[in-house]
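The values are calculated or read from the model by the stated rules, or taken from the named source; none is laboratory data. All values derive from a computational prediction rather than experimental measurement. Note: areas computed on protein heavy atoms with side chains; ligands, DNA, RNA excluded. Shrake-Rupley method; radii C 1.70, N 1.55, O 1.52, S 1.80 Å.
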Amino acid sequence: MKARLPQGAAPNRNQMMQQFQKLQEDMATAQAELEEKTYRVSAGGGTIEVEINGKKEVTDVILKPEVVDPDDIEFLQDLIKEGVNEAIRTCNEDAEKTMNALTGGLNLGI
């Protein structure tokens, strides 16, 4: 024997599909907008700036002259890694916030 839902209890499938398609379109638009954004962060007390785009591609690195010490290349390398990682974190947080605003925090495996 099949269980039956009361009249009107099940959502209209067409309406659900339309809402899902709208959500997909909104998410695609948001993703395209995120990819066009630029994120610039500082690291090392402002001695380095890193800029990435929404595709997480490094577009600029600015070093203050005082941070360039030929006797301590490892320090400079660490600063660059720190700056790039912070820029990526900033980009990811913005993307997560934007997508959560669209999905209401649903975990859609995106």
Whether any residue in region 57-70 is open to solvent by 60 Å² or more (accessible area, probe 1.4 Å), part of a loop (DSSP other than H, G, I, E, B), of a type outside the set (Ser, Thr, Tyr) and within 30 Å of Gln31 (Cα to Cα) is what I want to check.
yes
Tell me, yes or no, whether region 94-107 has at least one residue that is at pLDDT 90 or above, in a loop (DSSP other than H, G, I, E, B) and on the phi > 0 side of the Ramachandran plot.
no
Restricted to region 46-56, and to residues that are of a type outside the set (S, T, N, Q) and not in a loop (DSSP other than H, G, I, E, B), which residue is nearest to Asn92 (Cα to Cα)?
Ile52
